[in-house]
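Here the structure comes first, spelled out in structure tokens, and everything after it is commentary.
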Amino acid sequence: MPAPMIAPSILSADFARLADELAAIKGSEWVHVDVMDAHFVPNLTLGLPIVQSLLKVTDIPIDCHLMIENPGRWAPPYAEAGAHNVTIHAEATDDPIAVARDIRAAGAKAGLSIKPNTPIEPYLEILKEFDTLLVMSVEPGFGGQSFIPQVLDKARIVRRLVDSGELKLLVEIDGGINDDTIEQAAEAGVDCFVAGSAVYGAADPAEAIRALRAKAAS
Ligand code: DX5
Ligand code: ZN
């Protein structure tokens, strides 16, 4: 398995100081940006103009997690803007393959996310269209919630398919990742760990990233 990747979520950052908050996580593999529309999830965050501005002030690859309805309409512009990875929710579209192809055609990696109660089995066939599977380990919508360990079975299933060569994609997990939970996620075969409050709630975010990465690798 490749070295663990940490993707701090700016949902837990100070939105009035986003450039500084990006500078504070120098050394992280990705930065995770949660786009919420107050329809797919009961919260509203930020959208394309802010992602475009963030792209101007950081070299860290941006991992956009779109918790929005109608991703077929809204996802490709994030790819065109220069996001590294654009992840849509399986529950938000009837045609995830078409959206994945549009994201890739616009120049980004395509990700598929599933909520904690969404089974993985119906999506295994289409994962070859994606570069990332984002397993939600909390109900999407808010930072600072408790990790749901039952979702790790989904990571294990996909890890096995990646290790056997049947699939080629990154397994990412999002929600409740901290010093106490990251090891069990790593054991389940996760490659990339989103962490919001565990990074931005720390006195030294860069040090928190190093500590999380070391725990995931242990
Ligand atoms: C929740 C978001 C997460 C959130 C994670 O819907 O998708 O990315 O920022 O926050 P923590 O790490 O605090 O659970
Ligand atoms: Zn997220």
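Values in this text are rule-based calculations from the coordinates and carry no lab data. Because the structure is predicted, anything quoted here is derived from the model rather than measured. Here the Cβ positions follow ideal geometry from the backbone for every residue, glycine too, while neighbour counts run over all protein chains shown.
For the stretch 74-218, the relative contact order works out to 17 percent when only alpha carbon pairs closer than 8 Å and six or more residues apart are counted. Enumerate the calculated ³J(HN,Hα) couplings along the stretch 31-41 in order (Karplus 6.51 cos²θ - 1.76 cosθ + 1.60, θ = phi - 60°), each rounded to whole Hz, writing x wherever the residue is Gly or Pro. In residue order, the calculated couplings are 10, 9, 10, 8, 9, 10, 10, 6, 10, 5, 10 Hz. Is the C-alpha gyration tensor of the stretch 1-53 telling us rounded, prolate or oblate? Criteria: a/c under 1.5 is rounded; beyond that, a/b larger than b/c is prolate, otherwise oblate. It comes out oblate by the Cα gyration axes.
Where a ≥ b ≥ c are the square roots of the eigenvalues of the C-alpha gyration tensor, would you call the stretch 126-167 rounded, which needs a/c under 1.5, or, failing that, prolate if a/b is larger than b/c, or oblate? It comes out oblate by the Cα gyration axes. Global dimensions of the stretch 111-218 from alpha-carbon coordinates: Rg and Dmax equal 13.6, 43 Å. Sorted largest first, the spans of the alpha carbon positions of the stretch 72-141 along the three principal axes are 31, 27, 18 Å. Close amide H partners of Lys109, meaning residues 5 or more places away or on another chain with modelled amide H under 5 Å apart, are Asn85, Val86.
With θ taken as phi - 60° and the Karplus curve 6.51 cos²θ - 1.76 cosθ + 1.60 applied, the whole-hertz 3J(HN,Hα) list for the stretch 46-60 is 8, x, 4, x, 6, 4, 4, 5, 4, 4, 6, 10, 9, 9, 6 Hz, x standing for glycine and proline. As a rough guide to protection, the peptides 189-195, 34-40 ranked by mean Cβ packing within 10 Å, highest first, stand as 189-195, 34-40. Descending by average beta-carbon neighbour count within 10 Å, the peptides 47-58, 109-120 line up as 109-120, 47-58, the highest first. Secondary-structure-derived ellipticity at 222 nm for the chain, considering helices only, amounts to -9500 deg cm²/dmol, per-run term -39500 (n - 2.57) for DSSP H runs with n ≥ 4.
Any idea which of Val151, Pro96, Val57 is furthest toward the positive side of the dipole for the stretch 5-217, if Lys and Arg beta-carbons carry +1 and Asp and Glu beta-carbons -1? Value: Val57. A straight Cα-to-Cα reach below 20 Å connects Lys128 with the aspartates and glutamates Asp63, Glu91, Asp94, Asp95, Asp102, Asp153, Asp163, Glu166, Glu172, Asp191, residues fewer than 8 places away in its own chain not being considered.
Once the other residues with Cβ under 13 Å from the Cβ of Lys168 are scored (Lys, Arg +1; Asp, Glu -1), what is the net sum? Every neighbour counted, the sum reads -2. Rg ratio for the stretch 174-218: its Cα radius of gyration over 2.2 N^0.38 Å, N being its residue count, equals 1.03.
Calculate the translational D of the stretch 5-217 in whole µm² s⁻¹ from Stokes-Einstein, where the hydrodynamic radius comes from the Kirkwood formula applied to all Cα pairs, the temperature is 4 °C and the viscosity 1.567 mPa s. It comes out at roughly 77 µm²/s.
Over all other residues within a Cβ to Cβ distance under 12 Å of Thr132, the charged ones net out to -3, with Lys and Arg as +1 and Asp and Glu as -1.
For the stretch 1-113, the relative contact order is 21 percent, taking Cα pairs closer than 8 Å that sit 6 or more residues apart in sequence and dividing their mean separation by the residue count.
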